[in-house]
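Here's the structure, in structure tokens; my notes come after.
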Amino acid sequence: MSNFKAQPKDVRPGNCAVTFSVNLADPSGVAAADLLWESFDSSNSLAASGALGMLYDTRTVWQATFPVTIPAGGYLDWTVAATDTVGNTASQPSGLRVEIKGGACP
């Protein structure tokens, strides 16, 4: 797993569509990938969580887009979990955070 991206990373409060992507490669092939997310409020308390299947975009890029809801002053952390064609699984936190910073929504 490499090249984690979230666009946009800085959003306004409320619902904002964010596209999450990651490069996935495996010698046997990648069968499925899921985006696992957790949204936290300004006091770092868990506000919401969920999972969403990712779609194969190009040769190695998998992505998912959904309207994130982050409480004012909060943030969203995300992890990718993948399964290869022989049933092996792996997961990795993105290390990227989507934050409420008054950014624009597409």
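All of the numbers you see were taken from the coordinates with simple rules; none came from a lab. Here the structure is a predicted model, which is why all the values come from computation and not from measurement. Neighbour counts are summed over all protein chains in view; Cβ atoms, including those assigned to glycine, are modelled from backbone coordinates with ideal geometry.
Along the three principal axes, how long is the stretch 2-97 when you take its alpha carbons, biggest first, rounded to the nearest angstrom?
43, 22, 18
Quick one: order 70, 100 by neighbouring beta-carbon count within 10 Å, fewest to most. Don't skip to the end; give the middle numbers.
On the way: 70 24, 100 21.
Placing the least packed residue first, the sequence is 100, 70.
Residues in the stretch 1-39, backbone N under 16 Å from the label point at residue 60 (7 Å along the Cα-to-beta-carbon vector): list them, ranges by number please.
What the label zone holds, given the 16 Å backbone N cut-off, is 1-5, 21-31.
What ranking of 105, 16 emerges when the number of other C-beta atoms within 10 Å of each C-beta is taken as an exposure proxy, fewest first? Spell out each step's value before the answer.
Numbers: 105 13, 16 20.
Ranking 105, 16 by Cβ neighbours within 10 Å, fewest first, gives 105, 16.
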